[in-house]
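The values are calculated or read from the model by the stated rules, or taken from the named source; none is laboratory data. Quick caveat, the model's predicted, so the values are computed rather than measured. Heads up, the Cβs are rebuilt from the backbone with ideal geometry, glycines too, and the neighbour counts pull from every protein chain shown.
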Amino acid sequence: MRKPLLAAFITALVSGYTSEVKLINLDNGATLIGSRNLRHRSIQLKLPSGEMLDGHYVPLKSSTIGSESVFSQGHMATMPWLTSDHSFREYARLVGKNGKFLEIVFSSEWPGHGTGFAKTNDGGDYEVIL
């Protein structure tokens, strides 16, 4: 019994912990499904067009988001959950090969479940569920 459990634990350590990321379009309810690797701090997502977006997430600080960000227009003030003392605050910029990008800000609890908000460079707004 201990050997299978130990093998599963070692496999999890080597491969990294991957969890689902769900984005729900706020205009039409369409859902996008992606994955997040907690070990590598990365997110990958496939758009309906087939374009793959991927990138890494970093701690969210005022210096993290530059003036070219889709969030630079004052959207941060409308997200009160980002100020929660018990949550992690993260930022990711996912980029595709065809010029599309998506930015995510999120808050997560251990073991990685949480919520957030995402915007695309073409104006799409999404609720994020981790």
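Odds and ends about this structure:
- Filtered by the rule that a residue be modelled with pLDDT of 80 or more and of a type in the set (Phe, Trp, Tyr), the stretch 66-95 gives a lone residue, 91.
- The residue of the stretch 21-51 that is nearest to residue 100 (Cα to Cα), among those that are among the polar types (S, T, N, Q) and part of a strand (DSSP E or B), is 44.
- Residue satisfying all of: in the stretch 42-65; surrounded by fewer than 12 Cβ atoms within 10 Å (Cβ to Cβ) and modelled with pLDDT under 70; farthest from residue 29 (Cα to Cα) among these: 63
- Restricting the stretch 96-121 to residues that are among the polar types (S, T, N, Q) and surrounded by fewer than 17 Cβ atoms within 10 Å (Cβ to Cβ), the residue that is modelled with the highest pLDDT: 98
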